[in-house]
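The block underneath contains the structure these notes are about, expressed in structure tokens.
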Amino acid sequence: MAAADATAGDATVTDASAADARGAEPSPVAGGGPVIETRGLSKRYRRGGLAVDGLDLAVPRGSVFGFLGPNGSGKTTTIRMLLGLIDATSGSARVLGEPMPGAARRVLPRVGALIEGPALYGHLSGRDNLARFDAADPTADPRTRGRRVGEALERVGLAAAAGRKARAYSLGMKQRLGLAAALLQPRELLVLDEPTNGLDPQGMREIRSLVRELADDGITVFLSSHLLDEIEQVCTHTAVMNRGRLVTQGTVAEMASGARDRLTVTTPDPQRARVVLKEYGLTDLRVTEETVSGELPPGPADSGGPVDPAEVNAALVRADVRVRGFGRERASLEDVFVALTGEGFDVAD
Ligand SMILES: Nc1ncnc2c1ncn2[C@@H]1O[C@H](COP(=O)(O)OP(=O)(O)O)[C@@H](O)[C@H]1O
Ligand SMILES: [Mg+2]
């Protein structure tokens with residue numbers, strides 16, 4: 001990771017509003033439509049293949065939308081197109097109801113963005129870093145700068161550390177400072193590219209709870225991650241990318257309900273137990289010397305679907321199967337991903 005000096009990190013805080021030189025003007029209201037919507041959005045880099053391939057994305061207002069995919073699957077490329085930082089090769093994108101990059105000057109002041117970690121001046125304090133970001137934003141009112149910087153620091157929990165030099169910040173604090181930079185003005189949408197990347201579990205928890213708070217305030221949050229459990233913990237919706245293509249999108253609950261839980265019976269009579277599980281419609285049965293397991297048919301996330309595991313247990317007992325253990329393994333988004341792509345989820349950095 002980046003050295004804690006000068007410009008820490010190889011990436012930038014995108015002060016999205018810096019692109020807007022015109023300042024406040026009445027913005028066409030996006031109404032109830034999606035906050036982000038793409039049609040056939042594609043990007044082919046000059047060197048290299050199709051990084052994003054025909055992406056149709058719809059991000060509902062008010063959602064915490066997890067843009068999930070292994071490294072190299074096209075997340076950052078998509079985000080750069082959404083923010084007008086690079087041009088699409090084909091297809092279209094609308095953000096807050098307006099075409100991008102065409103309406104960038106109207107749209108970007110309403111969007112806070114943090115892409116791949118903040119670029120900070122290590123020799124400046126957290127507070128001075130924010131003041132500098134704000135000064136670079138032509139739409140920001142210098143008269144309210146001090147107050148807005150203070151509020152942003154407060155919001156990300158850095159008020160007490162505001163006077164310390166940024167190079168003394170932990171990675172998690174730097175990331176929160178990056179978020180504060182994105183929050184110097186009121187935003188309708190936050191776009192966060194891998195906001196917890198490289199953080200320790202404590203730092204990740206801090207970012208996650210901050211994201212929840214922002215969502216509670218009514219800000220739509222679009223965040224990318226290569227970590228499935230992160231998406232499950234914080235997001236209401238998700239889209240899954242693989243090799244530049246959209247694998248699936250929907251609510252996290254829908255997605256998880258598409259996966260099958262696995263029931264495992266520990267018994268000295270696995271063959272007899274197998275017959276019972278089969279009768280109850282369990283699939284992908286696996287037998288070992290002292291266990292048999294099978295997948296429950298899909299159904300609502302918090303029930304066994306059409307099959308109640310308790311009934312299976314009763315049937316096992318009726319069939320004189322000696323049940324020594326009865327377990328249910330929750331299906332995860334990872335299982336869904338593997339089922340949809342036939343591939344494992346590569347979480348290596
Ligand atoms: N500037 C670039 N020039 C050429 N290829 C690139 C560039 N940036 C990314 N890529 C390639 O595009 C694909 C998607 O990358 P990226 O959008 O960064 O994925 P992710 O953010 O999901 O890790 C990868 O194969 C990557 O190597
Ligand atoms: Mg990326």
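Under the condition of being within 11 Å of ligand 1 (Cβ to nearest atom) and among the charged types (D, E, K, R), which residue from the stretch 60-107 is nearest to Gly244 (Cα to Cα)?
Checked the stretch 60-107; the qualifying residue nearest to Gly244 (Cα to Cα) is Lys75.
Please determine whether any residue of the stretch 208-222 is under 9 Å from the mean Cα position of the chain (by Cα) and polar (S, T, N, Q).
Checking the stretch 208-222: not a single residue is under 9 Å from the mean Cα position of the chain (by Cα) and polar (S, T, N, Q).
It is to be established whether one or more residues within the stretch 174-186 are farther than 30 Å from Arg145 by Cβ and either assigned to a loop (DSSP other than H, G, I, E, B) or within 14 Å of ligand 1 (Cβ to nearest atom) (or both).
no
Restricting to the stretch 48-59, what's the tally of residues that are small (Gly, Ala, Ser) and more than 15 Å from ligand 1 (Cβ to nearest atom)?
The total comes to 1.
Going residue by residue through the stretch 218-226, is there one that turns out to be over 21 Å from Gly172 (Cβ atoms) and away from ligand 1 (no atom under 14 Å from the Cβ)?
Yes, the stretch 218-226 contains a residue that is over 21 Å from Gly172 (Cβ atoms) and away from ligand 1 (no atom under 14 Å from the Cβ).
Can you tell me which of (1) modelled with pLDDT under 95; (2) within 23 Å of Met81 (Cα to Cα) is the one Ser209 doesn't meet?
Condition (2) is where Ser209 drops out.
Would you mind finding the one in Thr196, Thr220 that is in contact (Cβ under 8 Å) with a residue 40 or more places away in the chain, at negative phi and polar (S, T, N, Q)?
Being in contact (Cβ under 8 Å) with a residue 40 or more places away in the chain, at negative phi and polar (S, T, N, Q) holds for just one of Thr196, Thr220, which is Thr220.
What number goes with the only condition from (1) within 15 Å of the chain's Cα centre (by Cα); (2) crowded, with 20+ Cβ neighbours inside 10 Å; (3) free of Cβ contacts under 8 Å to residues at least 60 places away in the same chain that Ala180 does not pass?
Going through (1) within 15 Å of the chain's Cα centre (by Cα); (2) crowded, with 20+ Cβ neighbours inside 10 Å; (3) free of Cβ contacts under 8 Å to residues at least 60 places away in the same chain one by one, Ala180 breaks only (1).
The values are calculated or read from the model by the stated rules, or taken from the named source; none is laboratory data. Remember, predicted model here, so these are calculated numbers, not experimental data. Backbone-built Cβ (ideal geometry, glycine too); neighbour counts: all protein chains shown.
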